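Reading through the structure tokens given below for one structure.
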Amino acid sequence: MRIGIVCYPTFGGSGVLATELGKALAQKGHQVHFITYREPVRLDVYVPNIFYHEVHVPTYPLFDYPPYETALASTMVDVIKNNELDLLHVHYAIPHASAAYMAKKILEKENKRIPVITTLHGTDITLVGRDKTYAPVVTFSINESDAITAVSENLREETFKSFKIEKEIEVIYNFVDVNRFSRKPIEVFKKSIAPNGERILLHISNFRRLKRVTDVVKVFSEVQKAIPSKLLFVGDGPERPAAEELCRQLELCDEIKFVGRQEQVEDILAIGDLFLLPSEYESFGLAALEAMAAGVPVVATNVGGLKEIIVPGETGFLADVGDVIALSRFAITILKNEETLNTFKSKAAAHARIFDIHNIIPVYEKLYERFL
Ligand code: GMT
């Protein structure tokens, strides 16, 4: 098949998932064309049947807001025609689904039919999409998609609650390449973070408000009172200064490291003992799944799709949003002795296998085949 994939090229889960999907499809022999404004971060390997088409947005003094959506729709038309694509798979509704609708209509005039599949990822529905400013276009373009998928049951339900959706939404869970995340820890790296064999706690995100990164610091503060430990923050974003400030206030600067955005998350996860994800909402929580795949149990909040991937008492624990005390207690329960920790680690790794890439890619292929 010749598949067009449209996504955000950033470190966000939707872009990561879309890129990994494209890479896996290409490895299975499909031709994959990424259409986006920058090379996707996880597109780090050369695969001969992957193509990347950059969307350029010409500026003009009149444009206070350069029209990305128009440039994107035009690029889609161009790529679809010149590469004879069979279908377009757009990740994240805004503005990808509406740009795809425009491209589809343009091509219809030229007697070319292009099926559009829209995958909803979370904030395109639960946060941004619900905003009155966007809602009519989001509703319309989702309904106009030939197929709609959501990354969890929870997101499917949220979409039906928030929008008047006239079609079925199919749940296709996010996936992880378990093989890639089954790394042995790099001992020198581990020693540099935890020289005295301390437990290593991790948090990876885009540090947006909804990730509640200051709760991560608060939880860690409680944990390190009970168990010698270190915390590694991976990623960057608007709430990083608040998290750093809290570390200073709590005098934890020697215990906590901010390493910024990193591409080799599998090497970082390999040295971890516990992943903290106290978000206000996660439609799925791809970062939590990647952690589990690396054998790192997860203490998270009882929200969204996290309930669908974490098994409390086995692969981690779930607590209410903002309940720092419960989150800390759960973290201590997992970390306090070697045997318990190892049981959680192996159960986390085993459970992640359900979401292995090899189980999910054929589901997408089957979906595509329905439209050929
Ligand atoms: O979480 C973010 O801020 C990034 C966002 C995105 O669109 O990239 O992530 C969403 O999609 C991911 C992949 O499907 C999910 O794993 C995340 O849970 C979801 N984020 C939210 O729902 C807040």
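Table for the structure above
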| read-out | value |
| --- | --- |
| Complete set of residues in region 170-180 that are within 16 Å of the ligand (Cβ to nearest atom) and either surrounded by fewer than 22 Cβ atoms within 10 Å (Cβ to Cβ) or at pLDDT below 95 (or both) | Glu170, Val171, Ile172, Tyr173, Asp177 |
| Count - residues of region 29-55 that are part of a loop (DSSP other than H, G, I, E, B), at pLDDT 95 or above and either basic (Lys, Arg) or buried (at least 23 other Cβ atoms within 10 Å of the Cβ) (or both) | 1 |
| Output for region 119-147, where each listed residue is within 15 Å of the ligand (Cβ to nearest atom), buried (at least 22 other Cβ atoms within 10 Å of the Cβ) and not in a helix (DSSP H, G or I) | Thr119, Leu120, His121, Gly122, Gly129 |
| Candidates Ala350, Ala319, filtered to the one that is over 23 Å from Ser221 (Cβ atoms), more than 16 Å from the ligand (Cβ to nearest atom) and aliphatic (A, V, I, L, M) | Ala350 |
| Within region 312-331, tally of residues that are in contact (Cβ under 8 Å) with a residue 24 or more places away in the chain, under 23 Å from Arg209 (Cβ atoms), part of a loop (DSSP other than H, G, I, E, B) and in contact with a helix residue (DSSP H, G or I) (Cβ under 8 Å, 6 or more places away or on another chain) | 1 |
| Elements of type helices (runs of 4 or more DSSP H) contained in region 207-301, each with 2 or more residues being in the same structural domain as Gly313 (by TED's automatic domain parsing), surrounded by fewer than 22 Cβ atoms within 10 Å (Cβ to Cβ) and away from the ligand (no atom under 11 Å from the Cβ) | 213-226, 240-249, 265-269 |
| Every residue from region 74-88 that is farther than 26 Å from Thr59 by Cβ and open to solvent by 60 Å² or more (accessible area, probe 1.4 Å) | Glu84 |
| Test for Glu20: is it on the phi > 0 side of the Ramachandran plot, in contact (Cβ under 8 Å) with a residue 24 or more places away in the chain and not polar (S, T, N, Q) | no |
| Residue satisfying all of: in region 305-316; open to solvent by less than 10 Å² (accessible area, probe 1.4 Å) and within 13 Å of the ligand (Cβ to nearest atom); farthest from the chain's Cα centre (by Cα) among these | Ile310 |
| Filter result for Asn196 (within 19 Å of Gly12 (Cα to Cα) and in a loop (DSSP other than H, G, I, E, B)) | no |
| Residue pairs meeting the criteria (Cβ under 9 Å; at least 6 apart or on separate chains; first in contact (Cβ under 8 Å) with a residue 12 or more places away in the chain, in region 242-264; second small (Gly, Ala, Ser) and assigned to a strand (DSSP E or B)) | Glu255/Ser229; Phe258/Gly235; Val259/Gly235; Gly260/Gly235; Arg261/Gly235; Gln262/Gly235 |
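For (1) open to solvent by less than 40 Å² (accessible area, probe 1.4 Å); (2) acidic (Asp, Glu); (3) assigned to a helix (DSSP H, G or I), each residue gets a yes or a no:
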site	(1), (2), (3)
Leu25	yes, no, yes
Glu69	no, yes, yes
Leu72	yes, no, yes
Met102	no, no, yes
Leu107	yes, no, yes
Arg113	no, no, no
Ile117	yes, no, no
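A quick yes/no check of all residues on (1) under 21 Å from Leu335 (Cβ atoms); (2) within 24 Å of the chain's Cα centre (by Cα):
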position	(1), (2)
Pro195	yes, no
Leu202	yes, yes
Thr214	yes, yes
Val219	yes, yes
Gln224	yes, no
Lys230	yes, no
Val234	yes, yes
Gln249	no, no
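The values are calculated or read from the model by the stated rules, or taken from the named source; none is laboratory data. Note that this is a predicted model, so its numbers are computed, not measured. All Cβ positions, glycine included, derive from the backbone under ideal geometry; neighbour counts span all protein chains shown. Areas reflect the complete protein model, heavy atoms only, side chains present, ligands, DNA and RNA absent. Shrake-Rupley method; radii C 1.70, N 1.55, O 1.52, S 1.80 Å.
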